[in-house]
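The values are calculated or read from the model by the stated rules, or taken from the named source; none is laboratory data. These numbers come from a predicted model, not from an experiment. So basically every Cβ, Gly included, is an ideal-geometry build from the backbone, and we count neighbours across all protein chains shown.
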Amino acid sequence: MTELPAHLEELRRRARGWAGDLRAAALEVDRDPEAVRDLFDLPAVGYLANRLRSADSGDTLERVVVVEELARGDAGLMLASPGPSMAGVLVDVLGSPEQQDWFRSRLAARPAWTCFALTEPERGSAIGEMTTALSPQQDGSFRLDGVKRYVGNASRASVAAVFARRAGADRLGVTAVLVDTADPGWTAEPLPTLGLRGARVGAVSLDGVRVPAGRVLGAHLPPTRRGMWGIVQVFNRLRPSVAAIALGIAGAAHDYVAERRRELRGAERAAFEEIGRRIEAARLLTRRAAAAVDARPSDGYLASAAKARACELAEDATLVALGCFGPAARVEHPLLDKYARDARGVEFMEGTGFVQRLNLFQGLHTGRVGRAAQC
Amino acid sequence: MTATVEAAARCGQECRATARRDGVVPALHRLNAVLSPDAPPRGASGHALVPVDAAPLPGGGGATAPGLALSAPDPDAQAGVGRASAHWRLGLAWVRLGASEGLRDLVLVRLGERHTEGAPLLMKQLVKGALADVLTEHLEAECVLGEAGTERHGTGRHEAAWDEAGRLGRVHDRITRADRALLRLLGAQGFTLPGPGWEAHLSELLADVYRERRVVVSPEEA
C-alpha cells in the first residue's frame, strides 16, 4: 500500500480540501448538533449525503481514505452528516435489489439520516445476548419490540437498520430489518455525551413496530448467508472506517500543534515527532486492513488490529497536543479540548479495544493471522 | 556490490523467515552473505557485531551458544567506510521482526501447554490481550518496513521524506518492547541462558549498534 491508486489519491485531495469547512464549523456543531441542518451546502456534507452505493469492490479502502481526511476536519460534524452511513453498508451487503432501491429512494429525495441500531442497554453489542425480538404475525409481517442504546443519529433518522432476534431462534439467530421511523412504536431521543456530540448518539424504544416481510434483510440469500455470516462481513467492512475516524482525530490534534507551536524543543519535540510516526504507521495498517477486507470480506483480523491501534493513538495524540500548550490548555484551546473529548468516543464504536484484542487473539490462535510466509 | 531493490526485498523476507524459524544468528549470517559479503558492516559509531556459532555465555562457566562477537570500533567507519548500507539496515529490521515473531510462536506453544485452574494459560484473557498487542506491533512493523523498502529505494519521489533514524528507529524500539512483553509471558524461562531471553538480547544488541543517529525535525518541516 505504498501509494493509493490515482482515483483514490485524487479523492483524498478533494476530501482534504473539504475538511477546512468542517473544522470551521466544528465548535458550533459541538455546541448545537442541529446546526448541521444549516450546513447541507458544504461539499463534504453533500458527498456523505449522496454517496448511496457502498459495497462496490474497493469500497472499504475508499471509505477509509475519505473518512480520515474528513475526520481530520471534524469527526463530530462528519458523523452528524446525513446519508447512508453504516446502514448503507448493511443494506448493500444484505439487501435485495428491491430493498436497496427502497433504501436509496428514501435518501435520494432530500438529505436524510439513517441509523444503525445494534447495541442494547446492559448487553452492549454482544450478538448472543441480544433481546430485541422480531415476532412473526399472522399477516406475514413481523412485530419488533425492544430497546437500543448508543445509536448515532437515532433521533433524526428517517430509516433505521435494527438488529433483532427472531422468535424461537438460537443464540446467534439474529437478523437485521429496515424500519421506517415514522411508523408507530418507534421513539428515539438523544443522550448527552462528552464528545462527538454532532453524532447525536441516542436511545431507541421499539414498542410493537410493524415490519413488513419485505424489510427483513437477507431473506433472499441462502440460509448460510442470512444471519451472522452477513453481519460479520458488514462489521469487518465498517471497522477500518472507525480506525480512520480515530486517525483523523489524531491528525487534527497533530496539525493543531504544528500550526501553533513552531518552536517545540526537547521532550515536547520528541513526543510530537513520535505521534507523527505513530500516525503514519497506523495509517499504513488501516489501509492494509481495508484492502484485506475488500479482497476478502471475511478477513477482519487486521481491521481489529487497526481499530484498536488507532483508537489508542487518538487519545494519546490529543493528550500530547494539550500538553504542548501548558496550563489551562483545555480552556484556552477549545478546539483541542473538543478533539480530546471526541477521541474518547471512538473507543466505543464497533467494538472496544478489549473486544478487538480478543478477536485478534482468536485469529492468532487459529492461525488465520500472523502466519509465517513461505520463502 | 550493490543489491537491486528486488533482491534486497527478497533477502529481507528470507532473513525474516530464517530468524523466525532458526534464530537471529543464522539470519544474520544470511543477511551478511547477501548484502555485505566482503565484511560484516559497521554501525554509526564504527562498531560491528559479527555472527558466531559458539559465543561464550555470560556467567556460563564455559558454556557457549550462537551469538555475536563485537569488533573494536573502526574510526574510518564514522566517515562512512565499511558502514552498513541502507538495504542492510532495512534487512536487519526484518531479521529482528522475524526473531520477534519466532518468540511469539514459542509463547503460543509454551503457554498452550501450561495449565492453571484447569485451563491453558494461553486462554486467560490478560494473556490473550498481551498477545494481541504484540501481534498488532508486528503487523504494524511489517507495514512500515514494507513501505520503507519501496520509499527508500523506489521511484525517488519519497526520498526526501524518508527519516530512517526516526522511523526505522521506532520500529526497532517497538520490536524491543514486543520482545520484552513476550519474555514476561514466559516468566523466568525468558531470563535464563541460553534460550529465548538470549535471542531477544542478541536482537537488542543489533538494534543498539546499527541504529542511525537522530536528525531532529521541527514541526513546520514535519
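Taking A:Val209, is it surrounded by 15 or more Cβ atoms within 10 Å (Cβ to Cβ), modelled with pLDDT of 95 or more and not in a loop (DSSP other than H, G, I, E, B)? Yes: the conditions hold for A:Val209. Residues in the stretch B:53-72 that are closer than 14 Å to B:Ala39 by Cα and not aliphatic (A, V, I, L, M): how many? Selection size over the stretch B:53-72: 1. The set of residues in the stretch A:146-175 being within 20 Å of A:Ser135 (Cα to Cα) and either assigned by TED's automatic domain parsing to the domain that holds A:Val242 or surrounded by fewer than 20 Cβ atoms within 10 Å (Cβ to Cβ) (or both) consists of A:Val147, A:Arg166, A:Ala167, A:Gly168, A:Ala169, A:Asp170, A:Arg171, A:Leu172, A:Gly173.
Can you pull out every residue in the stretch B:12-49 that is in contact with a Ser or Thr (Cβ under 6 Å, 6 or more places away or on another chain) and either more than 14 Å from every other protein chain (Cβ to nearest Cβ) or at pLDDT below 95 (or both)?
Applying the first criterion (in contact with a Ser or Thr (Cβ under 6 Å, 6 or more places away or on another chain)) to the stretch B:12-49 yields B:24, B:26-27, B:30, B:48.
Within the stretch B:12-49, B:Val24, B:Ala48 meet the criteria.
Within 14 Å of chain A (Cβ to nearest Cβ) and at pLDDT 95 or above: does that describe B:Ala132?
Working: within 14 Å of chain A (Cβ to nearest Cβ): yes; at pLDDT 95 or above: yes.
Yes: the conditions hold for B:Ala132.
Right, B:Leu103: within 13 Å of another protein chain (Cβ to nearest Cβ), touching a His at 6+ places or on another chain (Cβ under 9 Å) and surrounded by 16 or more Cβ atoms within 10 Å (Cβ to Cβ) or not?
Values: within 13 Å of another protein chain (Cβ to nearest Cβ): yes; touching a His at 6+ places or on another chain (Cβ under 9 Å): no; surrounded by 16 or more Cβ atoms within 10 Å (Cβ to Cβ): yes.
No; evaluated as a whole, the condition is false for this residue.
Whenever a residue of the stretch A:101-120 is within 15 Å of A:Phe40 (Cα to Cα), its partners that are among the charged types (D, E, K, R) and surrounded by 19 or more Cβ atoms within 10 Å (Cβ to Cβ), lying with C-beta atoms within less than 8 angstrom and at least six residues away or across chains, give the pairs A:Trp113/A:Arg156. Residue-level check: of (1) more than 15 Å from A:Asn359 (Cβ to Cβ); (2) among the polar types (S, T, N, Q); (3) touching a Leu at 6+ places or on another chain (Cβ under 7 Å), A:Ser241 misses just (3). Out of contact with any Cys (no Cβ under 7 Å at 6 or more places or on another chain), of a type in the set (Val, Ile, Thr) and buried (at least 18 other Cβ atoms within 10 Å of the Cβ): is that true of A:Val201 in this structure? Yes: the conditions hold for A:Val201. In the set (1) free of Cβ contacts under 8 Å to residues at least 12 places away in the same chain; (2) surrounded by fewer than 13 Cβ atoms within 10 Å (Cβ to Cβ), A:Gly124 fails one condition alone, (2).
Pick out, from the stretch A:271-373, the helices (runs of 4 or more DSSP H) lying fully within it that include 1 or more residues that are at pLDDT 95 or above, within 11 Å of chain B (Cβ to nearest Cβ) and more than 17 Å from A:Ala246 (Cβ to Cβ). Before you say what the answer is, go through the steps one by one.
On the way: elements: A:301-323, A:329-332, A:334-346, A:353-365.
In the stretch A:271-373, the matching helices (runs of 4 or more DSSP H) lie at A:301-323, A:353-365.
Taken over the stretch A:258-281, the criterion of being farther than 19 Å from A:Leu336 by Cβ and in contact with a helix residue (DSSP H, G or I) (Cβ under 9 Å, 6 or more places away or on another chain) is satisfied by A:Arg277, A:Glu280, A:Ala281.
Return the total of residues in the stretch A:149-200 being in a helix (DSSP H, G or I) and polar (S, T, N, Q). If you could, list the steps in order and put the result at the bottom.
Initially, the stretch A:149-200 is screened for residues in a helix (DSSP H, G or I), giving A:154-156, A:197-199.
Checking which are polar (S, T, N, Q) leaves us with A:155.
Qualifying residue count for the region: 1.
The listed residues are B:Ala72, B:Ala33, B:Ala17, B:Ala65, and the only one of them that is more than 20 Å from B:Thr192 (Cα to Cα) and either buried (at least 19 other Cβ atoms within 10 Å of the Cβ) or of a type in the set (S, T, N, Q) (or both) turns out to be B:Ala17. Is it the case that some residue within the stretch A:100-114 is surrounded by 24 or more Cβ atoms within 10 Å (Cβ to Cβ) and among the small types (Gly, Ala, Ser)? No, the stretch A:100-114 contains no residue that is surrounded by 24 or more Cβ atoms within 10 Å (Cβ to Cβ) and among the small types (Gly, Ala, Ser).
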